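Let me begin by presenting the structure, written as C-alpha cells, before commenting on it.
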Amino acid sequence: MATEEHELVVPIKADVDIVMARQRARNLVSSLHFSSSELTLIATAISEIARNIVSYAGEGEIVLQLAARDRRRGLVIIARDRGPGIADVERAMQDGFSTSKGLGLGLPGSKRLMDEFELVSEPGKGTIVTMVKWER
C-alpha cells in the first residue's frame, strides 16, 4: 500500500479534538468517492478510537493519510498513544468487554466499520491502531 505525501496529524487530548479529527478526515477524503454512509462509518470509527485515547491514555494522536493500492484509493487512520497499553488484546476485541463502564463496542465495532484493522499494544508502552477504508 502506497501512502500519498499528504498526512495530517491531529493531537488528541480532549473531546473537542475528536471532533477535529473527524472534520479533518472528511476534508482530506473530499477528493475520493465515498458515499455519505461511508463517511459516517469513517467518522464513527475515528470517534471510537480517539475516545479510547482520551479515556485510557489521556493523550495521543490520530494520523490521517490518503493511500493507494492497485487502482483503489482510500484513507489510512493511525491512532497512537503512549498510554498504559492493553494487557489482553484478544479479550479487548470481543464485543461487550470493557474496562470502563462503556458498552465494549469501540475496538470491535471500529474493526467492523473499516476494511482493514490492526491493533498493536504493549502494556506500559502504548497502543497503535491502524485502520483503512477503501473507495468502492
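Nothing in this text is a laboratory measurement; each read-out follows from the coordinates by a stated rule. Keep in mind the model is a prediction, meaning the values are calculated, not measured. Cβ placement follows ideal geometry from the backbone for every residue including glycine, while neighbour counts extend to all protein chains displayed.
The C-alpha atoms of the chain define a longest principal axis, and helix 15-28 lies at about 20 degrees to it. Under the convention that each Lys and Arg Cβ holds +1 and each Asp and Glu Cβ holds -1, the size of the dipole of the chain around its Cα centre is about 240 debye.
The count of lysine pairs in the chain whose Cα atoms are under 23 Å apart, excluding pairs fewer than 8 places apart on the same chain, comes to 6. Per the Debye calculation on the chain with a single equal scatterer at every Cα and no solvent contribution, log₁₀ I(q)/I(0) for q = 0.08, 0.16 Å⁻¹ amounts to -0.19, -0.76. For region 1-69, state the semi-axes of the equivalent ellipsoid (square roots of 5 times the eigenvalues of the alpha-carbon gyration tensor), sorted largest first and rounded to whole angstrom. Semi-axes (√(5λ), whole Å): 21, 14, 10. Relative to the longest principal axis of the Cα atoms of the chain, the long axis of helix 36-52 makes an angle of roughly 30 degrees.
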